[in-house]
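Novice: Take a look at this one; I'll ask things after.
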Amino acid sequence: MMQRLRMLTAGESHGPRLTAVLEGMPAGLGVSEAAINEDLRRRQVGYGRGRRMAIEADAVTITAGVRRGVTIGSPICLEIENRDWVNWQEEMSPLPPPRDWQSRRAVRVPRPGHADLAGAAKFGHRDMRNVLERASARETAARVAVGAVCRLLLAEFGIRVRAFVTSIGDVAAPAHPEGEQFWQAVENSDVRCADPDAAAGMRAAIDAARERGDTLGGTFAVYAEGVPAGLGSNAHWDRRLDAALAAAIMSIPAIKAVEIGDGVRSAGRPGSLVHDPILPAADDKTWPFARPTNHCGGIEGGISNGQPLIMRAYMKPIPTLVSPLPSVSLDSLQAVQAHAERSDVCAVPAAAVVGEAMVCLVLADALLAKFGGDTVQDTLAAYNAYLARLPQLWE
(Lines give C-alpha, C1' and ligand atoms only; values in the text may rest on other atoms or scores of the structure.)
Protein backbone atom coordinates (compact mmCIF):
# COMPACT_ATOMS: atom_id res chain seq x y z
CA MET A 1 0.00 0.00 0.00
CA MET A 2 1.81 3.19 1.16
CA GLN A 3 5.17 1.39 1.47
CA ARG A 4 7.52 3.85 3.11
CA LEU A 5 8.14 0.93 5.46
CA ARG A 6 8.56 -2.58 4.12
CA MET A 7 8.49 -5.76 6.16
CA LEU A 8 9.76 -9.14 4.99
CA THR A 9 9.66 -12.29 7.10
CA ALA A 10 11.26 -15.67 6.48
CA GLY A 11 11.28 -18.99 8.26
CA GLU A 12 9.26 -22.15 8.67
CA SER A 13 7.31 -23.26 11.72
CA HIS A 14 9.79 -26.02 12.55
CA GLY A 15 12.84 -24.48 10.92
CA PRO A 16 15.84 -23.14 12.86
CA ARG A 17 14.54 -19.59 13.25
CA LEU A 18 12.25 -16.82 12.11
CA THR A 19 13.81 -13.76 10.50
CA ALA A 20 12.23 -10.37 9.90
CA VAL A 21 13.66 -7.42 7.99
CA LEU A 22 12.17 -3.94 8.41
CA GLU A 23 13.25 -1.42 5.79
CA GLY A 24 12.62 2.33 5.93
CA MET A 25 12.76 3.05 9.66
CA PRO A 26 14.46 6.43 10.19
CA ALA A 27 17.64 6.82 12.20
CA GLY A 28 17.63 7.93 15.80
CA LEU A 29 14.89 5.71 17.24
CA GLY A 30 15.70 4.01 20.53
CA VAL A 31 15.14 0.25 20.21
CA SER A 32 15.82 -2.50 22.74
CA GLU A 33 15.47 -6.25 22.62
CA ALA A 34 13.63 -6.05 25.96
CA ALA A 35 10.88 -3.87 24.46
CA ILE A 36 10.42 -6.29 21.55
CA ASN A 37 10.47 -9.31 23.86
CA GLU A 38 7.62 -7.86 25.91
CA ASP A 39 5.32 -7.96 22.89
CA LEU A 40 6.56 -11.45 22.01
CA ARG A 41 5.67 -12.54 25.54
CA ARG A 42 2.19 -11.07 25.20
CA ARG A 43 1.64 -13.01 21.97
CA GLN A 44 2.46 -16.31 23.68
CA VAL A 45 -0.01 -15.80 26.53
CA GLY A 46 -3.57 -16.99 26.14
CA TYR A 47 -5.97 -19.59 27.47
CA GLY A 48 -6.39 -22.35 24.92
CA ARG A 49 -2.88 -22.26 23.49
CA GLY A 50 -1.28 -25.59 22.53
CA ARG A 51 1.85 -27.44 23.66
CA ARG A 52 4.04 -25.47 21.25
CA MET A 53 3.88 -22.47 23.57
CA ALA A 54 5.25 -24.63 26.38
CA ILE A 55 8.29 -25.33 24.19
CA GLU A 56 8.97 -21.86 22.81
CA ALA A 57 10.03 -18.89 24.91
CA ASP A 58 10.37 -16.31 22.17
CA ALA A 59 13.25 -13.87 22.43
CA VAL A 60 14.55 -11.61 19.68
CA THR A 61 18.12 -10.99 18.59
CA ILE A 62 18.75 -7.73 16.72
CA THR A 63 21.42 -8.45 14.12
CA ALA A 64 21.38 -5.33 11.92
CA GLY A 65 20.10 -1.77 11.67
CA VAL A 66 20.60 -0.86 15.33
CA ARG A 67 23.80 0.31 16.98
CA ARG A 68 24.10 0.85 20.72
CA GLY A 69 20.34 0.80 21.11
CA VAL A 70 19.55 3.32 18.36
CA THR A 71 18.44 2.79 14.74
CA ILE A 72 20.98 3.91 12.14
CA GLY A 73 18.74 4.17 9.07
CA SER A 74 19.66 0.87 7.45
CA PRO A 75 17.38 -2.20 7.31
CA ILE A 76 16.67 -3.71 10.71
CA CYS A 77 17.07 -7.48 11.00
CA LEU A 78 15.37 -9.40 13.82
CA GLU A 79 15.80 -13.11 14.53
CA ILE A 80 13.79 -15.44 16.77
CA GLU A 81 15.08 -18.95 17.45
CA ASN A 82 12.68 -21.90 17.18
CA ARG A 83 13.44 -24.11 20.17
CA ASP A 84 11.47 -26.97 18.63
CA TRP A 85 14.03 -27.06 15.79
CA VAL A 86 16.07 -29.56 17.78
CA ASN A 87 13.29 -32.12 17.21
CA TRP A 88 12.98 -31.37 13.49
CA GLN A 89 16.56 -30.99 12.23
CA GLU A 90 16.54 -34.13 10.11
CA GLU A 91 13.08 -33.41 8.67
CA MET A 92 13.51 -29.69 7.99
CA SER A 93 17.20 -29.41 7.13
CA PRO A 94 17.93 -27.11 4.14
CA LEU A 95 20.78 -29.42 3.09
CA PRO A 96 20.36 -32.07 0.38
CA PRO A 97 19.26 -35.38 1.95
CA PRO A 98 21.22 -38.67 1.92
CA ARG A 99 20.61 -40.83 -1.13
CA ASP A 100 18.07 -43.17 0.51
CA TRP A 101 16.42 -40.62 2.85
CA GLN A 102 12.64 -40.67 3.21
CA SER A 103 10.54 -38.23 5.18
CA ARG A 104 8.84 -39.65 8.24
CA ARG A 105 6.60 -36.58 8.57
CA ALA A 106 5.43 -36.06 5.01
CA VAL A 107 1.87 -34.75 4.68
CA ARG A 108 -0.23 -36.36 1.96
CA VAL A 109 -3.68 -35.76 3.46
CA PRO A 110 -4.81 -32.10 3.31
CA ARG A 111 -6.56 -30.46 6.24
CA PRO A 112 -9.86 -28.68 5.47
CA GLY A 113 -9.56 -24.97 6.16
CA HIS A 114 -5.77 -24.89 5.73
CA ALA A 115 -3.60 -23.90 2.79
CA ASP A 116 -2.43 -27.50 2.32
CA LEU A 117 -4.26 -28.51 -0.85
CA ALA A 118 -4.35 -25.11 -2.57
CA GLY A 119 -0.66 -24.56 -1.77
CA ALA A 120 0.28 -27.97 -3.14
CA ALA A 121 -1.49 -27.15 -6.39
CA LYS A 122 0.16 -23.73 -6.63
CA PHE A 123 3.75 -24.75 -5.88
CA GLY A 124 3.70 -28.35 -7.10
CA HIS A 125 4.55 -29.88 -3.72
CA ARG A 126 3.87 -33.58 -3.32
CA ASP A 127 4.65 -33.24 0.39
CA MET A 128 2.27 -30.64 1.77
CA ARG A 129 4.51 -30.05 4.76
CA ASN A 130 6.25 -27.55 2.48
CA VAL A 131 2.99 -25.58 2.53
CA LEU A 132 1.90 -25.88 6.13
CA GLU A 133 5.33 -25.02 7.55
CA ARG A 134 5.12 -21.50 6.09
CA ALA A 135 1.33 -21.08 6.31
CA SER A 136 1.54 -21.74 10.05
CA ALA A 137 0.71 -18.86 12.39
CA ARG A 138 4.16 -19.35 13.91
CA GLU A 139 5.28 -16.76 11.33
CA THR A 140 3.33 -14.10 13.19
CA ALA A 141 5.98 -14.01 15.93
CA ALA A 142 8.21 -12.26 13.40
CA ARG A 143 5.45 -9.77 12.64
CA VAL A 144 5.01 -9.00 16.33
CA ALA A 145 8.73 -8.27 16.61
CA VAL A 146 8.50 -5.79 13.71
CA GLY A 147 5.32 -4.31 15.14
CA ALA A 148 7.11 -3.72 18.44
CA VAL A 149 9.72 -1.58 16.66
CA CYS A 150 6.95 0.37 14.92
CA ARG A 151 5.21 0.81 18.28
CA LEU A 152 8.33 2.57 19.58
CA LEU A 153 8.18 5.03 16.67
CA LEU A 154 4.47 5.71 17.21
CA ALA A 155 5.12 6.42 20.88
CA GLU A 156 7.34 9.34 19.85
CA PHE A 157 4.18 10.93 18.40
CA GLY A 158 1.87 10.03 21.27
CA ILE A 159 0.12 7.22 19.39
CA ARG A 160 -0.87 4.12 21.35
CA VAL A 161 -2.22 0.87 19.89
CA ARG A 162 -3.98 -1.72 22.06
CA ALA A 163 -6.34 -4.65 21.52
CA PHE A 164 -8.80 -6.74 23.47
CA VAL A 165 -10.97 -9.79 22.84
CA THR A 166 -14.67 -9.13 22.30
CA SER A 167 -15.85 -12.72 21.88
CA ILE A 168 -14.75 -16.34 21.88
CA GLY A 169 -17.19 -18.80 20.39
CA ASP A 170 -20.66 -17.58 21.35
CA VAL A 171 -19.47 -15.83 24.52
CA ALA A 172 -19.35 -12.07 24.01
CA ALA A 173 -17.99 -9.27 26.19
CA PRO A 174 -18.70 -5.52 26.37
CA ALA A 175 -16.91 -3.92 23.44
CA HIS A 176 -16.17 -0.40 24.72
CA PRO A 177 -12.94 0.30 26.67
CA GLU A 178 -13.32 2.61 29.64
CA GLY A 179 -10.09 4.13 30.94
CA GLU A 180 -6.73 2.71 31.93
CA GLN A 181 -8.26 0.34 34.47
CA PHE A 182 -9.98 -1.44 31.57
CA TRP A 183 -6.71 -1.88 29.66
CA GLN A 184 -4.88 -3.11 32.76
CA ALA A 185 -7.58 -5.72 33.25
CA VAL A 186 -7.12 -6.78 29.62
CA GLU A 187 -3.37 -7.27 30.14
CA ASN A 188 -4.01 -9.29 33.31
CA SER A 189 -6.51 -11.59 31.58
CA ASP A 190 -5.45 -14.84 29.91
CA VAL A 191 -8.22 -14.30 27.33
CA ARG A 192 -7.55 -10.53 26.97
CA CYS A 193 -11.03 -9.73 28.27
CA ALA A 194 -11.61 -7.11 30.96
CA ASP A 195 -15.04 -8.39 31.98
CA PRO A 196 -14.53 -11.18 34.58
CA ASP A 197 -17.87 -12.89 33.92
CA ALA A 198 -17.35 -12.95 30.16
CA ALA A 199 -13.74 -14.12 30.64
CA ALA A 200 -14.93 -17.03 32.78
CA GLY A 201 -17.46 -17.95 30.11
CA MET A 202 -14.74 -17.82 27.43
CA ARG A 203 -12.50 -20.17 29.39
CA ALA A 204 -15.41 -22.58 29.93
CA ALA A 205 -16.18 -22.53 26.21
CA ILE A 206 -12.53 -23.28 25.38
CA ASP A 207 -12.50 -26.17 27.89
CA ALA A 208 -15.67 -27.62 26.35
CA ALA A 209 -14.20 -27.38 22.85
CA ARG A 210 -11.01 -29.10 24.02
CA GLU A 211 -13.05 -31.96 25.47
CA ARG A 212 -14.80 -32.40 22.12
CA GLY A 213 -11.54 -32.32 20.18
CA ASP A 214 -12.76 -29.10 18.57
CA THR A 215 -11.54 -25.49 18.19
CA LEU A 216 -13.03 -22.01 18.63
CA GLY A 217 -12.68 -18.66 16.91
CA GLY A 218 -13.87 -15.25 17.98
CA THR A 219 -13.42 -11.53 17.57
CA PHE A 220 -11.07 -8.85 18.81
CA ALA A 221 -10.93 -5.07 18.62
CA VAL A 222 -7.87 -2.90 18.02
CA TYR A 223 -7.89 0.71 19.24
CA ALA A 224 -5.34 3.30 18.16
CA GLU A 225 -5.41 6.52 20.19
CA GLY A 226 -3.56 9.76 19.52
CA VAL A 227 -3.63 9.34 15.73
CA PRO A 228 -3.57 12.81 14.14
CA ALA A 229 -6.00 13.83 11.45
CA GLY A 230 -4.56 13.58 7.96
CA LEU A 231 -2.96 10.13 7.68
CA GLY A 232 -3.86 8.25 4.50
CA SER A 233 -5.42 9.80 1.42
CA ASN A 234 -8.67 10.12 -0.49
CA ALA A 235 -6.77 10.67 -3.75
CA HIS A 236 -5.78 7.08 -4.61
CA TRP A 237 -7.32 3.71 -3.79
CA ASP A 238 -4.04 2.28 -2.52
CA ARG A 239 -3.36 5.26 -0.25
CA ARG A 240 -6.58 4.95 1.73
CA LEU A 241 -5.80 4.28 5.39
CA ASP A 242 -8.79 2.02 5.99
CA ALA A 243 -7.84 -0.11 2.97
CA ALA A 244 -4.28 -0.54 4.26
CA LEU A 245 -5.48 -1.43 7.77
CA ALA A 246 -8.05 -3.92 6.49
CA ALA A 247 -5.49 -5.63 4.28
CA ALA A 248 -2.94 -5.84 7.10
CA ILE A 249 -5.38 -7.37 9.57
CA MET A 250 -6.85 -9.73 6.96
CA SER A 251 -3.34 -11.04 6.31
CA ILE A 252 -3.25 -12.61 9.79
CA PRO A 253 -3.90 -16.37 9.52
CA ALA A 254 -7.55 -17.36 10.18
CA ILE A 255 -8.91 -13.79 10.03
CA LYS A 256 -11.92 -13.86 7.71
CA ALA A 257 -13.44 -10.39 8.10
CA VAL A 258 -12.43 -6.90 9.22
CA GLU A 259 -14.67 -4.04 10.33
CA ILE A 260 -13.72 -0.36 10.65
CA GLY A 261 -15.85 1.45 13.22
CA ASP A 262 -19.47 0.29 13.02
CA GLY A 263 -18.92 -0.98 9.48
CA VAL A 264 -21.23 -4.01 9.48
CA ARG A 265 -23.96 -2.42 11.59
CA SER A 266 -23.85 0.78 9.54
CA ALA A 267 -25.13 -1.07 6.48
CA GLY A 268 -28.52 -1.57 8.14
CA ARG A 269 -28.95 1.89 9.65
CA PRO A 270 -30.08 5.26 8.26
CA GLY A 271 -27.40 7.87 7.67
CA SER A 272 -28.66 10.01 10.55
CA LEU A 273 -27.61 7.24 12.95
CA VAL A 274 -24.32 6.44 11.23
CA HIS A 275 -22.44 9.66 10.54
CA ASP A 276 -20.69 11.44 13.39
CA PRO A 277 -21.73 15.08 13.95
CA ILE A 278 -18.95 17.71 14.11
CA LEU A 279 -19.13 20.00 17.12
CA PRO A 280 -16.93 22.90 18.29
CA ALA A 281 -14.29 22.22 20.94
CA ALA A 282 -13.06 25.61 22.04
CA ASP A 283 -10.50 24.21 24.49
CA ASP A 284 -8.28 22.83 21.69
CA LYS A 285 -6.84 25.46 19.35
CA THR A 286 -4.86 22.90 17.36
CA TRP A 287 -7.93 20.79 16.56
CA PRO A 288 -11.07 22.64 17.76
CA PHE A 289 -13.55 19.94 16.75
CA ALA A 290 -15.35 17.27 18.75
CA ARG A 291 -17.48 14.26 17.87
CA PRO A 292 -20.18 12.90 20.20
CA THR A 293 -19.87 9.50 18.48
CA ASN A 294 -17.27 7.55 16.53
CA HIS A 295 -19.28 5.28 14.27
CA CYS A 296 -16.75 5.74 11.45
CA GLY A 297 -13.90 4.36 13.56
CA GLY A 298 -11.70 7.41 13.15
CA ILE A 299 -11.44 7.29 9.34
CA GLU A 300 -13.44 9.29 6.79
CA GLY A 301 -12.72 9.16 3.07
CA GLY A 302 -9.65 7.01 3.65
CA ILE A 303 -8.08 9.62 5.97
CA SER A 304 -7.76 9.65 9.76
CA ASN A 305 -9.99 12.33 11.26
CA GLY A 306 -8.43 12.80 14.69
CA GLN A 307 -10.66 10.35 16.55
CA PRO A 308 -9.44 6.99 17.89
CA LEU A 309 -9.13 4.36 15.19
CA ILE A 310 -11.34 1.35 15.90
CA MET A 311 -10.95 -1.92 14.02
CA ARG A 312 -12.56 -5.30 14.67
CA ALA A 313 -11.35 -8.64 13.34
CA TYR A 314 -13.27 -11.87 12.99
CA MET A 315 -11.25 -15.06 13.40
CA LYS A 316 -12.46 -18.47 12.28
CA PRO A 317 -11.80 -21.54 14.45
CA ILE A 318 -8.34 -23.04 13.93
CA PRO A 319 -8.66 -25.68 11.19
CA THR A 320 -6.39 -28.29 12.78
CA LEU A 321 -8.66 -30.49 14.88
CA VAL A 322 -7.80 -33.24 17.34
CA SER A 323 -10.85 -35.01 15.90
CA PRO A 324 -10.11 -34.41 12.20
CA LEU A 325 -12.66 -33.71 9.48
CA PRO A 326 -13.06 -35.88 6.37
CA SER A 327 -10.47 -35.43 3.61
CA VAL A 328 -8.94 -37.30 0.69
CA SER A 329 -5.55 -39.00 0.54
CA LEU A 330 -3.42 -37.76 -2.35
CA ASP A 331 -1.91 -41.25 -2.60
CA SER A 332 -5.16 -43.20 -3.06
CA LEU A 333 -7.74 -40.48 -3.76
CA GLN A 334 -9.86 -42.30 -1.19
CA ALA A 335 -11.76 -40.76 1.70
CA VAL A 336 -9.75 -40.61 4.94
CA GLN A 337 -9.58 -38.43 8.03
CA ALA A 338 -7.57 -35.23 7.68
CA HIS A 339 -3.94 -34.98 8.79
CA ALA A 340 -3.59 -33.74 12.39
CA GLU A 341 -0.83 -31.46 13.67
CA ARG A 342 -0.23 -30.17 17.18
CA SER A 343 -2.41 -27.09 17.52
CA ASP A 344 -4.15 -24.58 19.76
CA VAL A 345 -7.79 -24.91 20.77
CA CYS A 346 -8.21 -21.14 20.58
CA ALA A 347 -5.73 -18.44 19.55
CA VAL A 348 -7.96 -15.34 19.56
CA PRO A 349 -6.06 -13.63 22.45
CA ALA A 350 -2.76 -14.16 20.62
CA ALA A 351 -4.26 -12.97 17.33
CA ALA A 352 -5.27 -9.73 19.06
CA VAL A 353 -1.61 -9.03 19.84
CA VAL A 354 -0.71 -9.79 16.23
CA GLY A 355 -3.47 -7.39 15.21
CA GLU A 356 -1.80 -4.68 17.28
CA ALA A 357 1.48 -5.34 15.50
CA MET A 358 -0.03 -5.07 12.04
CA VAL A 359 -1.84 -1.84 12.93
CA CYS A 360 1.41 -0.44 14.34
CA LEU A 361 3.15 -1.25 11.04
CA VAL A 362 0.46 0.43 8.93
CA LEU A 363 0.27 3.54 11.12
CA ALA A 364 4.05 3.91 11.24
CA ASP A 365 4.12 3.60 7.45
CA ALA A 366 1.33 6.18 7.07
CA LEU A 367 3.08 8.53 9.49
CA LEU A 368 6.35 8.36 7.55
CA ALA A 369 4.55 8.61 4.23
CA LYS A 370 3.05 11.93 5.31
CA PHE A 371 5.89 13.47 7.32
CA GLY A 372 8.98 11.81 5.81
CA GLY A 373 12.38 12.25 7.38
CA ASP A 374 15.61 10.26 7.43
CA THR A 375 15.84 10.78 11.19
CA VAL A 376 13.18 10.67 13.88
CA GLN A 377 14.01 14.29 14.65
CA ASP A 378 13.24 15.26 11.03
CA THR A 379 9.90 13.44 11.20
CA LEU A 380 8.99 15.10 14.50
CA ALA A 381 9.89 18.52 13.08
CA ALA A 382 7.62 17.97 10.06
CA TYR A 383 4.85 16.69 12.33
CA ASN A 384 5.08 19.76 14.59
CA ALA A 385 5.11 22.06 11.55
CA TYR A 386 1.92 20.35 10.35
CA LEU A 387 0.22 20.90 13.69
CA ALA A 388 1.34 24.54 13.65
CA ARG A 389 -0.16 25.23 10.22
CA LEU A 390 -3.53 23.54 10.87
CA PRO A 391 -5.01 26.62 12.64
CA GLN A 392 -4.55 28.56 9.38
CA LEU A 393 -7.67 26.73 8.16
CA TRP A 394 -9.90 28.47 10.69
CA GLU A 395 -8.08 31.61 11.82
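Novice: Return the pairs, sorted by first residue and then second, in which the second residue is β-branched (Val, Ile, Thr) and buried (at least 20 other Cβ atoms within 10 Å of the Cβ), the first residue lies in the range 167-179 and is touching a residue at least 40 places away in the same chain (Cβ under 8 Å) and farther than 15 Å from CYS346 by Cβ, the beta carbons are less than 9 Å apart, and the residues are 6+ apart or on different chains.
Specialist: As it stands, the answer is ALA175/THR166; ALA175/THR219; PRO177/VAL186, since those pairs meet every condition given.
Here is a yes/no grid of residues against (1) outside any strand (DSSP E or B); (2) at pLDDT below 95; (3) not hydrophobic (A, V, I, L, M, F, W, C):
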site: MET311; (1), (2), (3): no, no, no
site: PRO324; (1), (2), (3): yes, yes, yes
site: VAL353; (1), (2), (3): yes, no, no
site: GLU356; (1), (2), (3): yes, no, yes
site: ASP365; (1), (2), (3): yes, no, yes
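Novice: Then there is this: Pull out all pairs, ordered by first then second residue, where Cβ-Cβ is under 9 Å, the residues are six or more apart or on different chains, the first lies in the range 70-82 and is on the phi < 0 side of the Ramachandran plot and aliphatic (A, V, I, L, M), and the second is modelled with pLDDT under 95 and surrounded by 19 or more Cβ atoms within 10 Å (Cβ to Cβ).
Specialist: Filtered contacts from the range 70-82: ILE80/ASP58.
Novice: Among the residues of the range 264-286, what is the count of those that are among the aliphatic types (A, V, I, L, M) and not in a loop (DSSP other than H, G, I, E, B)?
Specialist: Filtering the range 264-286 for residues among the aliphatic types (A, V, I, L, M) gives 264, 267, 273-274, 278-279, 281-282.
Restricting the remaining residues to those that are not in a loop (DSSP other than H, G, I, E, B) gives 264, 273, 279.
Summing the residues that are among the aliphatic types (A, V, I, L, M) and not in a loop (DSSP other than H, G, I, E, B) in the range 264-286 gives 3.
Novice: Next question, about the same structure. Residues of the range 368-395 being surrounded by 14 or more Cβ atoms within 10 Å (Cβ to Cβ) and farther than 23 Å from LEU29 by Cβ, which ones?
Specialist: The one that is surrounded by 14 or more Cβ atoms within 10 Å (Cβ to Cβ) and farther than 23 Å from LEU29 by Cβ: LEU390.
Novice: Which residue out of GLN392, GLN377 is over 17 Å from SER136 (Cα atoms), out of contact with any helix residue (DSSP H, G or I) (no Cβ under 6 Å at 6 or more places or on another chain) and either outside any helix (DSSP H, G or I) or at pLDDT 95 or above (or both)? It would help to see each step written out before you state the result.
Specialist: Working: GLN392 fails: either outside any helix (DSSP H, G or I) or at pLDDT 95 or above (or both).
Within the list GLN392, GLN377, the selection yields GLN377.
Novice: Which pairs do you get when a residue that is touching a residue at least 24 places away in the same chain (Cβ under 8 Å), found in the range 116-138, comes within reach of a residue that is among the aromatic types (Phe, Trp, Tyr) and crowded, with 18+ Cβ neighbours inside 10 Å, reach meaning Cβ atoms under 6 angstrom, with the pair 6+ apart or on two chains?
Specialist: From residues that are touching a residue at least 24 places away in the same chain (Cβ under 8 Å), there are no pairs.
Novice: What pairs come out if I take residues in the range 188-213 that are assigned to a loop (DSSP other than H, G, I, E, B) and modelled with pLDDT under 95 and pair them with residues that are of a type in the set (D, E, K, R) and buried (at least 20 other Cβ atoms within 10 Å of the Cβ) whose C-beta lies under 6 Å away, six or more apart or interchain?
Specialist: none
Novice: State whether one or more residues within the range 101-121 are touching a helix residue (DSSP H, G or I) at 6+ places or on another chain (Cβ under 6 Å), surrounded by fewer than 16 Cβ atoms within 10 Å (Cβ to Cβ) and not in a loop (DSSP other than H, G, I, E, B).
Specialist: No, that holds for no residue.
Novice: Taking the range 27-50 as the region of interest, how many residues are over 30 Å from VAL376 (Cβ atoms) and either at pLDDT 95 or above or among the aromatic types (Phe, Trp, Tyr) (or both)?
Specialist: Total meeting the criteria: 1.
Novice: If you don't mind, there's one more thing I want to ask. Given the residues PRO308, PRO270, PRO288, PRO280, which is the only one that is surrounded by 14 or more Cβ atoms within 10 Å (Cβ to Cβ), more than 29 Å from ALA135 (Cβ to Cβ), over 31 Å from the mean Cα position of the chain (by Cα) and of a type outside the set (A, V, I, L, M, F, W, C)? Talk me through it step by step, then tell me what you get.
Specialist: Details: PRO308 fails: over 31 Å from the mean Cα position of the chain (by Cα); PRO270 fails: surrounded by 14 or more Cβ atoms within 10 Å (Cβ to Cβ); PRO280 fails: surrounded by 14 or more Cβ atoms within 10 Å (Cβ to Cβ).
After applying the criteria, what remains is PRO288.
Novice: ARG134 - would you say it is among the charged types (D, E, K, R), surrounded by 23 or more Cβ atoms within 10 Å (Cβ to Cβ) and within 18 Å of the chain's Cα centre (by Cα)?
Specialist: On the way: among the charged types (D, E, K, R): yes; surrounded by 23 or more Cβ atoms within 10 Å (Cβ to Cβ): no; within 18 Å of the chain's Cα centre (by Cα): yes.
Considered against the rule, which asks whether it is among the charged types (D, E, K, R), surrounded by 23 or more Cβ atoms within 10 Å (Cβ to Cβ) and within 18 Å of the chain's Cα centre (by Cα), ARG134 comes out as no.
Novice: Let me ask something else. Hey, can you tell me all the residues within the range 225-257 that are touching an Asp or Glu at 6+ places or on another chain (Cβ under 9 Å) and part of a strand (DSSP E or B)?
Specialist: The one that is touching an Asp or Glu at 6+ places or on another chain (Cβ under 9 Å) and part of a strand (DSSP E or B): GLY232.
Novice: Pairs needed: first member in the range 287-300, in a loop (DSSP other than H, G, I, E, B); second member anywhere, among the charged types (D, E, K, R); C-beta distance under 7 Å; at least 6 residues apart or different chains.
Specialist: Close Cβ pairs (under 7 Å, with a partner that is among the charged types (D, E, K, R)) amount to ARG291/ASP276; THR293/ASP276; ASN294/ASP276; HIS295/ASP262; HIS295/ASP276; CYS296/ASP276.
The values are calculated or read from the model by the stated rules, or taken from the named source; none is laboratory data. Just so you know, these numbers come straight off a predicted model, no measurement behind them. With ideal geometry, Cβ positions are generated from the backbone for all residues, glycine too; neighbour counts draw on all protein chains shown.
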